[in-house]
Amino acid sequence: MDLEEAKEFKERCTQCAAVSWGLTDEGKYYCTSCHNVTENEVLHNFWKRYLQKSKQAYCKNPVYTSGRKATVLEDNPSHSDWDSEPDLLSDFSCRSFVESGTDSQPDGCPQKPFPNSKASQSETASICSGSLDGVEYSLRKEKGIVKMTVPRTLAFCYLSLLWQRETITLSDLLRFVEEGHIPYINAFQHFPEEMKLYGRDKGIFAIESWPAYEDIYKKMIEIAKFLDLPRFPDITEDCYLHPNILCMKYLMEVNLPDEMNDLTCQVVKMTGIGEVDFLTFDPIAKMAKTVKYDVQAVAVIVVVLKLLFLLDDNLEWTLSNIAEKYNEKNKEDKPWFDFRKWYQVMKRSVDEKKQKWEEARAKYLWKSEKPLYHSSIDRAVVYKRREMVVSLQKQFSTLVDSAPTVEKKSPSSFQFNWTEGDSARTCFHGHGLQGILKKKGQSMTTKNSLYWLSTQKFCRSYCKHVTTYEESNFSLSYQFIINLFSFLLRIKTSSLHEEVSLIEKRLFKTKYSKTKKKSRSRKGRKY
């Protein structure tokens, strides 16, 4: 396992530029060529900053060692600059547990002893408190402190990935969790044997739902604010998270023509969503927010599809008839893109993928092989119940599905793969847009001159949404497109519709201003 993990690390050594890594006993990477040792410094520094900000470590009198208020080192102005890492007290360490029940502490560091009153003892015994850390953590209620949970840990990891501008989106990260590549549900099973978890720990580690995009996204911003992080490294045109690159990726993913990339780039430029200041996350800004890079990219593609085909359950089929007739007469030429044929291929592929996804979710074993129990007394009972559950699951799985278990595949940022020459799954990447575009001077423009806005009115109240999405109010083609991309990113259809509306608001400023003026004039009329 260690060798496989080292092989996946493809960074060049900063000392000798070789790509040959091994793992040390501490879990760090070392170059087998020059023995230079490296690690994920960003995540490490973020974690140290979290421990400091939450007053758990790297500060005087950490909260778990004393009832007195902790003094964070960053109170000193000389340590407030993030560019130079705070002078964290690495030599300031205290033991987490009281040794042999004594009150003597090393290095003059006072420890918080276990409760010794009769009431406390009886209370502790009745609730089966579990580990000392679990008890202390659950009792913390200071205002402004962000407690770390399993979902927040996932958000924390994405935060470090975003800082490093890695080639992974939030939707990819959540899908990797679903596919079991990242420990999340019952993550404690991967803990070493010496980490005994029970009692209060159960409330921290017992996760019974999949991570939701919006929830993790909000938690990421919450943690970034809590850590008081500075502006992140710039998202430029050569970064994977830039809309031009992500649009190209998702066009390939959903089997659309390569030629559409020119149009997506134009929309990105006209709306200004490709600008560095717009894309770069700045937690300490007045309105701290980041971009949903993957959602924004697919929203641009939806807008381009509306520009080309209108998606009103009429024009797209008329253009499909024209493309079909041309392709029948000109079989040797470059085929024109046929929306109807693309729809049929994609619907079949998505339905198959969605069915497998739903089956996998239905069969998922929520109970862990290594269950959490409230106390050592309950251990035998819990394990006995677990054996019964596993036995029943095996019997039912034998009756329902006799097919052998498929080996888990390596993580991939692509869910769909399209190859030329597959008659059942036509690849549309090389198809042209000649039947949809017309020449105007030196440039090409769409034959379709119409466009309908995804929303005429944006919500101005203090609710969480910008606009609403009722499927029945929209064409079937638009519904299919929205559902397709929503499934691809594992997000709500309303979230994508909202992002499409925001892109349109930037692209069609004049239309929105006219709509606004009309609504004002109606209000001013007297009847």
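The values are calculated or read from the model by the stated rules, or taken from the named source; none is laboratory data. Just so you know, these numbers come straight off a predicted model, no measurement behind them. Cβ coordinates were reconstructed from backbone atoms using ideal geometry, including for glycine residues, and neighbour counts include every protein chain displayed. Just the protein is used for accessible areas: all its heavy atoms, side chains included, with ligands, DNA and RNA removed. Shrake-Rupley method; radii C 1.70, N 1.55, O 1.52, S 1.80 Å.
Across the accessible surface of the stretch 237-293, with the other protein chains kept in place and a 1.4 Å probe, carbon and sulfur atoms take up 57 percent. Amide hydrogen proximity for Gly199: with H placed 1.01 Å from N in the peptide plane, the residues at 5 or more positions away or on another chain lying under 5 Å are Tyr373, His374, Ser375.
Taken as Cα centroids, the stretch 165-190 and the stretch 469-499 sit 24 Å apart, rounded to the nearest whole angstrom.
Amide H to amide H distances under 5 Å link Trp336 with Asn327, Gly432, where only residues 5 or more positions off or on other chains count and H is placed in the peptide plane.
Annotation for Lys331 and Met195: the two label points, set 7 Å from Cα along the Cα-Cβ direction, are 6.3 nm apart. Considering the dipole of the stretch 123-268 built from charges on the beta carbon (Lys and Arg +1, Asp and Glu -1) around the Cα centre, which of Ile182, Ile245, Ala224 is farthest to its positive end? Most positive-ward Cα: Ala224.
So if R0 is 22 Å, what FRET efficiency would Lys225 and Ser138 give, r being the distance between their Cβ atoms, rounded to the nearest 0.05?
The pair Lys225/Ser138 has a calculated efficiency of 0.40.
Which whole number in µm²/s is D for the stretch 187-253 by Stokes-Einstein, with the Kirkwood Rh taken over Cα pairs at 4 °C and 1.567 mPa s? For these conditions, the coefficient is 80 µm²/s. Given a cut-off of 25 Å, name the pairs among Lys249/Lys354; Lys48/Lys143; Lys325/Lys356; Lys202/Lys354 whose C-alpha atoms lie farther apart than that in the structure shown. Long pairs (Cα-Cα over 25 Å): Lys325/Lys356; Lys202/Lys354.
Shape of the stretch 232-378 from the C-alpha gyration tensor: oblate (a/c of 1.5 or more and a/b not above b/c, with a ≥ b ≥ c the square roots of its eigenvalues).
Measuring r between the beta carbons of Asn417 and Asn36 and using R0 = 45 Å, the FRET efficiency lands at 0.75. Label-to-label distance, Glu179 versus Tyr240, with points set 7 angstrom from Cα along the beta-carbon direction: 1.3 nm. Annotation: amide H of Cys427 within the under-5 Å range of Gly421, Asp422, sequence separation 5 or more or interchain, hydrogens built in the peptide plane. The modelled label-to-label distance for the pair Lys447/Asp277, using points 7 Å beyond Cα in the direction of Cβ, is 4.2 nm.
Phi-derived couplings, Karplus 6.51 cos²θ - 1.76 cosθ + 1.60 at θ = phi - 60°, listed residue by residue for the stretch 139-148: 7, 6, 9, 5, 5, x, 7, 8, 7, 7 Hz, with x used for Gly and Pro.
Shape call for the stretch 141-291 from the C-alpha gyration tensor, a ≥ b ≥ c root eigenvalues: rounded (a/c under 1.5), prolate (a/b greater than b/c) or oblate? Oblate shape, in that a/c is at least 1.5 and b/c is the bigger or equal ratio.
In this structure the stretch 176-258 gives 44 Å² per residue of accessible area when probed at 1.4 Å with all protein chains present.
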